[in-house]
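Participant: One structure is given below, represented as structure tokens, and several questions about it will come after.
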Amino acid sequence: MPQQDCDRKKTTSRLYGRRKGRPLHVRKARLMCELLPQLLIVLKGGTHATVQSFFAKGESAPAWMEIGFGGGEHLAAQAKLHPDVLFIGCEPFINGIASLLDHLEKDAIQNVRIFDNDARLMLDALPHASLDKCFVLFADPWPKKRHAERRFIGPENLDRLARVLKSGALLRLASDHASLIEWMHDCLKEHTEFVCVYAGAEPPPDWVETRYQQKALKAGRQPFFMDYRRK
Ligand SMILES: C[S@@+](CC[C@H](N)C(=O)[O-])C[C@H]1O[C@@H](n2cnc3c(N)ncnc32)[C@H](O)[C@@H]1O
């Protein structure tokens, strides 16, 4: 199964979280062997590849990214709803990738490419002002204070996001962990390049439910949604 080498020199800390879960069922194992190589983004060191070059499409097509797409339900649904948008999904968890592939094949979705590694590498590889929208939904909360630097949304990654998001682009965040919500809100308030356009317990109008959101609701935890615009 393809798994790219992580260029650790480009990131300042290691990727936390698991890459493998349960063994894959036959259908998903087949998708990993047959479909993933067609959709996988392989970064070539030192170059700034445009999103459009991953699709061999015109430079004007809008580009959206989902970081940590989990089982891929949200990414697949957004890609289906927006067939003219080019989507990049970043997710190192193999079982999540297999699950996304399942959605893509079942729904014949063509406008998604997959980066099977740390999203920071993808962000660093993209040219300045590449993305029109980015989703970071129900990111790993790392609730202990001493693990706060492992949270994806923080000063360093906000700088990365500010570089690759176009002026006016949307950064959508969601979480069901009070400490992470507060942390993300504080980090974004401190950052000079983002402005909050929505924060609340009601999902935004164009929201698509994610697996972790369903888990949170089942467990009685209230999800919270935040939209920021890149200035
Ligand atoms: C709690 S899950 C949420 C999954 C999905 N967004 C949802 O709402 O159902 C967080 C996901 O982020 C992924 N993740 C964590 N760090 C990441 C990174 N640096 N780059 C890409 N994905 C990452 C994990 O592998 C995991 O699948």
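Participant: Which pairs, out of LYS144/LYS189; LYS144/LYS166; LYS80/LYS218, put more than 23 Å between their alpha-carbon atoms? Numbers along the way, then the final one.
Facilitator: On the way: LYS144/LYS189 21 Å; LYS144/LYS166 33 Å; LYS80/LYS218 26 Å.
Pairs exceeding the cut-off: LYS144/LYS166; LYS80/LYS218.
Participant: For the chain, what is the percent of antiparallel DSSP beta bridges, rounded to the nearest 5?
Facilitator: Values: 12 of 32 bridges.
Given both bridge residues lie in the chain, the antiparallel proportion sits at roughly 40 percent.
Participant: Helix-derived [θ] at 222 nm for the chain: sum -39500 (n - 2.57) over DSSP H runs of at least 4, divide by residue count, nearest 500?
Facilitator: Values: 8 runs with 73 residues, N = 231.
That calculation yields -9000 deg cm²/dmol at 222 nm.
Participant: Among VAL136, TRP207, GLN222, flag the residue with its Cα farthest along the positive direction of the charge dipole of the range 111-231, charges on Cβ as +1 for Lys/Arg and -1 for Asp/Glu.
Facilitator: Of the candidates, GLN222 comes out farthest on the positive side.
Participant: Calculate the dipole size of the chain relative to its Cα centre from +1 charges on Lys and Arg beta carbons and -1 charges on Asp and Glu beta carbons; express the result in debye to the nearest 20.
Facilitator: Working: 35 positive and 28 negative charges, 147 e Å.
Once rounded to the nearest 20, the dipole reads 700 debye.
Participant: Once phi is turned into θ = phi - 60°, what whole-Hz ³J(HN,Hα) does the Karplus curve with 6.51, -1.76 and 1.60 give for every residue of the range 209-225, x standing for Gly and Pro?
Facilitator: Residue by residue, the range 209-225 yields 5, 10, 5, 5, 5, 4, 4, 4, 5, 4, 7, x, 9, 8, x, 10, 10 Hz.
Participant: Taking Cα atoms of the chain, Rg/Rh with Kirkwood Rh, to two decimals?
Facilitator: On the way: Rg = 16.7 Å, Rh = 17.9 Å.
Here the Rg-to-Rh quotient is 0.93.
Participant: Moving on to the next point. Under the Kirkwood approximation applied to all pairs of distinct alpha-carbon atoms, what is the hydrodynamic radius of the range 139-192 in Å?
Facilitator: 11.7
Read-outs: derived from the displayed coordinates by stated rules, not from any lab. Model, not experiment: these values are computed from the prediction. Glycine also receives a Cβ, built like all others from the backbone with ideal geometry; neighbour counts cover every protein chain displayed.
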